[in-house]
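Quick notes on the structure that follows.
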Amino acid sequence: MERVIVVGGGLAGVRSVEALRAKGYEGELTLVSAEPHPPYDRPPLSKAVLMGDQEETTVDADWTALRCRLLLGERAGGLRLGEEGGTLATTAGDLPFDGLVIATGATPITLPGDGPQHVLRTIDDARRLRSQLREGARIAIVGAGWIGAEVATAAAAKGCAVTVVEAADAPLAGPLGAELGAHTVPWYAEAGVELRTGAKVASVEPGALVLADGDRIAADAIVVGIGVRPDLGWLAGSGLEVDGGVVTDETLRTGHPRVVAVGDCASWWSRRYRRRMLVEHWDTALNAPDVAAATLLGRPAVYDPVPYFWSEQFGRMVQYAGHHPIAERLVYRGDPTERRWAACWFTGDRLEAILTVDRPRDLVQARRLIAEGARLDAAAVADPDTPLRKA
Ligand code: FAD
């Protein structure tokens, strides 16, 4: 292999470049990214950057030592594949390759309407939104998911009058289920944030959110945090399968032997869960590239993680490991009305997933136990003073 292109300059892109070089790839390496900035980290955007505590989040990478050509502000628009590789059509011209890493991430979903909508995906989005978070400003946030909760946290801390509108019956109902999400409702009130659940937004108009029941919420700035979707139109006609994300096997290889996909845009086959997974979180972007690089270089590797992510909201560290949709029952560890607690999902006596609130030690122990497929005594797990361990 002599010419590898990585498309997408997020964390998964830069980690792919690093992993290829670390594994001894000596050929040409090019990173093409639509954003004008060198790769940067996104989690701080909704936290320290929004709060004004951090200005830059650029990933610390030595591009000269990595011998990687950076094509920033250039977008891939099409892909033609042949037997030994192919050609990537970009705004910088056609680029031939014999190995390709697709790491184009995802873009926020927006709402209908003529009013200005803030989304939060890029550092430019974060800076634009930060300039709106002035004391007394009315900030309406659509979606009480991970991003919505973190933006509400920052906006409330800045003294804004914050309203969060959520279509489901509880925050985080999509990723965690309404029962668990309901335990976060008091966090909003405690921060002085108005939370309106079960409220559907019809459109974003200049200066107001219009709800499906006709109600209007006047706002100086409207933030839409209702999820993301990979922007993969550029793969049309390439022959690669797209189903929510770029479809790969457990080695992160697509249907073409010279093309792999990683990060928020990849829908990979999980050996552990025997299903396709698309995990739009930082840990996937960090670790999947190691496997993708090995696969591209013809080395045996399988991506089979216990998914992990975290969120910092309303002064709490919320962490999750595992995959709870496969579990049979939920066991609380501690009282969810208190400050520190956890929720553990079981199938029989096997721990499948955990959500921790300000219990980082539990998270670390549980993550290892879940990876091992360990069996636990659920009664002991329910006691927050007993360490998590195998039965
Ligand atoms: P991205 O970071 O989206 O990078 C993809 C890059 O590809 C972008 O630069 C894009 O411009 C570029 N691109 C797209 N299309 C093209 C094209 N056609 N041609 C060329 N380039 C293209 N996860 C957690 O676990 N915990 C957190 O607390 C957390 N906080 C977050 C806060 C925010 C505000 C955001 C946005 C995300 C957060 N995440 C968090 C999620 C995590 O940051 C993402 O999962 C991760 O950044 C995904 O990395 P990626 O490289 O796959 O995609």
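A few points about this structure:
- Every condition in (1) more than 15 Å from the ligand (Cβ to nearest atom); (2) of a type in the set (Gly, Ala, Ser); (3) closer than 30 Å to residue 16 by Cα; (4) free of Cβ contacts under 8 Å to residues at least 40 places away in the same chain holds for residue 99 except the one numbered (4).
- Filter result for residue 371 (among the aliphatic types (A, V, I, L, M) and over 26 Å from residue 264 (Cα atoms)): no
- If only residues of segment 35-60 that are within 8 Å of the ligand (Cβ to nearest atom) and touching an Asp or Glu at 6+ places or on another chain (Cβ under 7 Å) are counted, the one that is nearest to residue 141 (Cα to Cα) is 46.
- Filtered residues of segment 220-245 (kept if over 20 Å from the mean Cα position of the chain (by Cα) and open to solvent by less than 10 Å² (accessible area, probe 1.4 Å)): 221, 222, 235
- Selection count where residues are within 13 Å of the ligand (Cβ to nearest atom), open to solvent by 10 Å² or more (accessible area, probe 1.4 Å) and either in the same structural domain as residue 249 (by TED's automatic domain parsing) or of a type outside the set (Asp, Glu) (or both), scope segment 107-127: 9
- The combined condition, being in contact (Cβ under 8 Å) with a residue 40 or more places away in the chain, within 12 Å of the ligand (Cβ to nearest atom), closer than 24 Å to residue 59 by Cα and part of a helix (DSSP H, G or I), is not fulfilled by residue 231.
- Condition met for residue 199 (in a loop (DSSP other than H, G, I, E, B), in contact with a Ser or Thr (Cβ under 8 Å, 6 or more places away or on another chain) and among the hydrophobic types (A, V, I, L, M, F, W, C)): no
Yes/no per residue for (1) over 23 Å from residue 15 (Cα atoms); (2) open to solvent by less than 10 Å² (accessible area, probe 1.4 Å); (3) not assigned by TED's automatic domain parsing to the domain that holds residue 44:
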residue: 270; (1), (2), (3): no, yes, no
residue: 275; (1), (2), (3): yes, no, no
residue: 281; (1), (2), (3): no, no, no
residue: 301; (1), (2), (3): no, no, yes
residue: 308; (1), (2), (3): no, no, yes
residue: 328; (1), (2), (3): yes, no, yes
residue: 348; (1), (2), (3): yes, no, yes
residue: 360; (1), (2), (3): yes, no, yes
residue: 372; (1), (2), (3): yes, no, yes
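- Residue 248 meets all of the listed conditions (1) buried (at least 21 other Cβ atoms within 10 Å of the Cβ); (2) more than 11 Å from the ligand (Cβ to nearest atom); (3) within 16 Å of residue 76 (Cα to Cα) but one, namely (3).
- Of all residues making up segment 1-27, the number that are near the ligand (Cβ under 10 Å from one of its atoms) and part of a loop (DSSP other than H, G, I, E, B): 3
- The set of residues from segment 146-171 being within 16 Å of the ligand (Cβ to nearest atom), open to solvent by 10 Å² or more (accessible area, probe 1.4 Å) and in contact with a Gly (Cβ under 6 Å, 6 or more places away or on another chain) comprises just one member, 147.
- Residue count for segment 243-296 satisfying the condition of being within 12 Å of residue 19 (Cβ to Cβ) and among the charged types (D, E, K, R): 1.
- Against the list (1) in contact (Cβ under 8 Å) with a residue 40 or more places away in the chain; (2) open to solvent by less than 30 Å² (accessible area, probe 1.4 Å); (3) not small (Gly, Ala, Ser), the condition residue 205 fails is (2).
- Pairs linking a residue in segment 150-164 that is under 12 Å from residue 222 (Cβ atoms) to a residue that is open to solvent by 20 Å² or more (accessible area, probe 1.4 Å) and not acidic (Asp, Glu), with Cβ atoms under 6 Å and 6 or more positions apart or on different chains, are 162/156; 164/195.
The values are calculated or read from the model by the stated rules, or taken from the named source; none is laboratory data. Note that the structure is predicted; figures quoted are calculated from it, not measured. Methodologically, a virtual Cβ is constructed for each residue, glycine included, from the backbone with ideal geometry; neighbour enumeration extends over all protein chains shown. All accessible areas refer to the heavy atoms of the entire protein, side chains included, with ligands and DNA or RNA removed. Shrake-Rupley method; radii C 1.70, N 1.55, O 1.52, S 1.80 Å.
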